[in-house]
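The values are calculated or read from the model by the stated rules, or taken from the named source; none is laboratory data. The structure presented is a predicted model; accordingly, all values stated were derived computationally and were not measured. We place every Cβ from the backbone using ideal geometry, glycine too, and count neighbours over all the protein chains shown.
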């Protein structure tokens, strides 16, 4: 797989979570159970993905492999830093 026209959807339930699917397959290969976590997908952008493509939080080759094998690639948000978790806990107590 050298290049794929890919639709990227953002989650309405999980901040900074994105679902990549090929334009050819659309959302047809995404399991129903994933929608429970991800929520209703909202189209964020469409890109042509090649193995050389640079992403901030994903490896293009892994995205392409996942699109071919599973029909989608799920990008989850990065883990929160410990100091940020402490800040959220303090805010909840106030």
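Just to check your reading of the model, which residue among 30, 21 is in contact with a strand residue (DSSP E or B) (Cβ under 8 Å, 6 or more places away or on another chain), in contact (Cβ under 8 Å) with a residue 40 or more places away in the chain and assigned to a loop (DSSP other than H, G, I, E, B)? Walk me through it before giving the result.
Working: 21 fails: assigned to a loop (DSSP other than H, G, I, E, B).
Residue meeting the stated conditions: 30.
Tell me, which residue of the stretch 55-85 that is under 12 Å from the mean Cα position of the chain (by Cα) and more than 20 Å from residue 4 (Cα to Cα) is modelled with the lowest pLDDT?
Of everything passing the filter in the stretch 55-85, 78 is modelled with the lowest pLDDT.
Is at least one residue of the stretch 35-43 in contact with a strand residue (DSSP E or B) (Cβ under 8 Å, 6 or more places away or on another chain), without any contact (Cβ under 8 Å) to a residue 60 or more places away in the chain, under 15 Å from residue 70 (Cβ atoms) and outside any loop (DSSP other than H, G, I, E, B)?
Of the stretch 35-43, the ones in contact with a strand residue (DSSP E or B) (Cβ under 8 Å, 6 or more places away or on another chain) are 38, 41-43.
Imposing the further condition that a residue be without any contact (Cβ under 8 Å) to a residue 60 or more places away in the chain reduces the set to 38, 41-43.
Next, from what is left, pick out any that are under 15 Å from residue 70 (Cβ atoms): 38.
Checking the rest, the ones that are also outside any loop (DSSP other than H, G, I, E, B) come to 38.
Yes, the conditions are met somewhere in the stretch 35-43.
From the list 52, 42, which residue is over 24 Å from residue 79 (Cβ atoms), at pLDDT 90 or above and loosely packed, with under 12 Cβ neighbours inside 10 Å? Explain how you work it out, then say what you get.
Working: 42 fails: over 24 Å from residue 79 (Cβ atoms).
Answer to the check: 52.
Please list, ordered by first then second residue, the pairs with beta carbon atoms under 6 Å, 6 or more apart or interchain, first in the stretch 46-59 and in contact (Cβ under 8 Å) with a residue 24 or more places away in the chain and at positive phi, second in a loop (DSSP other than H, G, I, E, B) and surrounded by fewer than 14 Cβ atoms within 10 Å (Cβ to Cβ).
none
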